[in-house]
Amino acid sequence: MLAMGEYQFLALIKVYLSVIIVNIQWGLAENFTNINLPTEHIPYYFNSFPDVANKCKADPSCPYKEQLDQKVCWGYEHNCKSQDSYLIPSCPGDHKGWVKTKQDQLKTFYSQGDFGYVRDQIQEMMVMCEPTFMEDSSLECTKHLRFCRGRNLMLNFTDLSSRKEQLRYKMDVLKEGQIGGYCRLHKSRLEEECDQISPLQSWGPELRYFTTLPRRPIIEKDCDIVIEKPTFILKIDAINMYHHFCDFFNLYASLHVNSSHPSTFSTDIHILIWETYTYQSSFGSVWEAFTSHPLWDLKTFRGETVCFRNIVFPLLPRMIFGLYYNTPIIWGCEKSGLFHAFSKHILHRLKIPLHKRSDSRIHVTLLSRDTTYRRILNEKELIEGLEKNKNYVVKKVIYNREMDFKKQLESTYNTDIFIGIHGAGLSHLMFLPDWAVVFELYNCEDESCYLDLARLRGVKYITWQDKSKLFQQDEGHHPEGGAHAKFTNYAFDVEEFLKLVAVGAKHVKHHKTFQDFLSTQRDEL
């Protein structure tokens, strides 16, 4: 007979094996099409979950036979070799003194903005509240409480009934005793990681109040509501496309950090947005890539005590050295596999088509702004200059609330050269094809923003160099006073503009992926 200590140890091991933020009642997918990943991602999925791969092998109806037995890995798995990883970054440029060797340069980039970041989060994971038996609660987090996950936890929202103000970026939604579980809390460890208390930097503002409960809240029926499906709580930064896609990108990265069960990419999850404002956004359709259920907010559970079987506190949009806002990217490197995978995941889940081509002309899209500032004053002349070149297919677009976001993505995904002045709309560069070029007409003295994003995504970046051939309408007037390059409009020398576009066109034409794409089109015609 096992001694009590041995029994508890074995029970604890079982708990750790099941501390995954998915409903443990889920079995392997009977319908393999429910995996719903881009075809090129399927081999990585199968290698992460060999039981599913074996089941596919044995099932004649499995549609993924060709994706089996490929030696690949995302890049964060403990036994993943670099040559087998999703995408090997490139570091053709000088590291400018950050590191001593080219290999260190590559490793630094991989940890800063690639699947190495996911690997580091997984390695940092530590138990904050320790279960003894399967039915107990649990909580584990990475350093600085950037990412946490728990089981059988209680959140008490009863105080929200008396809060009259709208809640957003608030650090006092919960207070002592209003979040907790039946487990052994490592209080000093938790307190040590509560060192980045800011609304969008960590989960410290919420988890600093975590309390050990006197009994198991779900079993003892201490909750008004029990949420059975996995729930992801998000504190979002939905200011514009650039910032809101930090939310979506970090949610995608968090799926990988949490990747420990075949249903890790399932959309049968709930998303709770940590504010009382009713969510409204032009980018709302992107949630379809993550959940098949309506979004929740704090009003959903106002006045209730809620228990969550499985809960995730994902990576946040404004973390110190986070993704991709505040990412300190080393010089000279590009092509993050994590960003590439995110792009493909969103395009696949939203069913964005890549159109067939009947010729080899370069598709040029100019993003026009309908805003007060950073308009292109001689836009018409620039477009007319482009249209004189019969090797271009030219299109002007205005991406605003009047154009469905999926249509915007479709336009972007079928673009070879994407042109626009500095602004959040340039975040579309994440959804360009691999061979594409983003031409930031002028960076408005914000030199790194879209250059770095283009480097992470792995598309070529061009911007204006000769300021003598650029006309600034006035000095620019910041709303809070003072001259500012982002608060005025610009005109551009047409000849210089066309020269820069030609540089981009040359890159596209010589890109092997573009050549392969055209070759495939000819074969199908």
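Here are a few things to note about the model shown:
- Taken together, the residues in the stretch 172-227 that are among the acidic types (Asp, Glu) and in a loop (DSSP other than H, G, I, E, B) amount to 6.
- Residues within the stretch 464-481 that are in a loop (DSSP other than H, G, I, E, B), open to solvent by 100 Å² or more (accessible area, probe 1.4 Å) and among the charged types (D, E, K, R), tallied: 2
- Candidate set: the stretch 197-220, residues that are open to solvent by 20 Å² or more (accessible area, probe 1.4 Å) and under 17 Å from Phe313 (Cβ atoms); chosen: the one farthest from the chain's Cα centre (by Cα): Thr211
- Of the candidates Lys406, Lys390, the single residue that is part of a helix (DSSP H, G or I) and out of contact with any strand residue (DSSP E or B) (no Cβ under 7 Å at 6 or more places or on another chain) is Lys406.
- Cβ separations smaller than 8 Å between residues 6+ apart or across chains give the following pairs from the stretch 337-365 residues that are in contact (Cβ under 8 Å) with a residue 12 or more places away in the chain to residues that are acidic (Asp, Glu) and open to solvent by 10 Å² or more (accessible area, probe 1.4 Å): His340/Asp434; Lys344/Glu40; Arg349/Glu288; Leu350/Glu288; Ile352/Glu410; Pro353/Glu410; Lys356/Glu524.
- Restricting the first member to the stretch 63-82 and to residues that are more than 18 Å from Gly113 (Cα to Cα), and the second to residues that are open to solvent by less than 100 Å² (accessible area, probe 1.4 Å) and among the aromatic types (Phe, Trp, Tyr), the beta-carbon pairs closer than 7 Å and six or more apart or on different chains are Pro63/Phe32; Tyr64/Phe32; Gln67/Phe46; Leu68/Phe46; Val72/Tyr44.
- Criterion violated by Ala238 - all others in (1) at pLDDT 95 or above; (2) closer than 20 Å to Ser198 by Cβ; (3) in contact with a helix residue (DSSP H, G or I) (Cβ under 6 Å, 6 or more places away or on another chain) satisfied: (1)
- Test: residue in the stretch 169-191 that is under 22 Å from the mean Cα position of the chain (by Cα) and surrounded by fewer than 17 Cβ atoms within 10 Å (Cβ to Cβ): yes
- Verdict on Leu272 being of a type in the set (A, V, I, L, M) and open to solvent by 10 Å² or more (accessible area, probe 1.4 Å): no
- The combined condition, being over 22 Å from the mean Cα position of the chain (by Cα), open to solvent by 10 Å² or more (accessible area, probe 1.4 Å) and modelled with pLDDT of 95 or more, is fulfilled by Lys390.
- Failed criterion for Arg455 (all others in (1) open to solvent by 30 Å² or more (accessible area, probe 1.4 Å); (2) within 18 Å of Tyr324 (Cβ to Cβ); (3) not in a helix (DSSP H, G or I) hold): (3)
- Taking the stretch 350-361 as the range and being farther than 14 Å from Glu40 by Cβ and either open to solvent by less than 70 Å² (accessible area, probe 1.4 Å) or of a type in the set (Ser, Thr, Tyr) (or both) as the test, the residues that pass are Leu350, Ile352, Pro353, Arg357, Ser358, Asp359, Ser360.
- Checking Cys141 against (1) in contact (Cβ under 8 Å) with a residue 60 or more places away in the chain; (2) over 18 Å from Ser260 (Cβ atoms), the condition it does not meet: (2)
The values are calculated or read from the model by the stated rules, or taken from the named source; none is laboratory data. Bear in mind that the values here come from a model prediction, so they are computed numbers and not experimental data. Positions of Cβ are backbone-derived with ideal geometry, glycine not excepted, and every protein chain shown enters the neighbour counts. All accessible areas refer to the heavy atoms of the entire protein, side chains included, with ligands and DNA or RNA removed. Shrake-Rupley method; radii C 1.70, N 1.55, O 1.52, S 1.80 Å.
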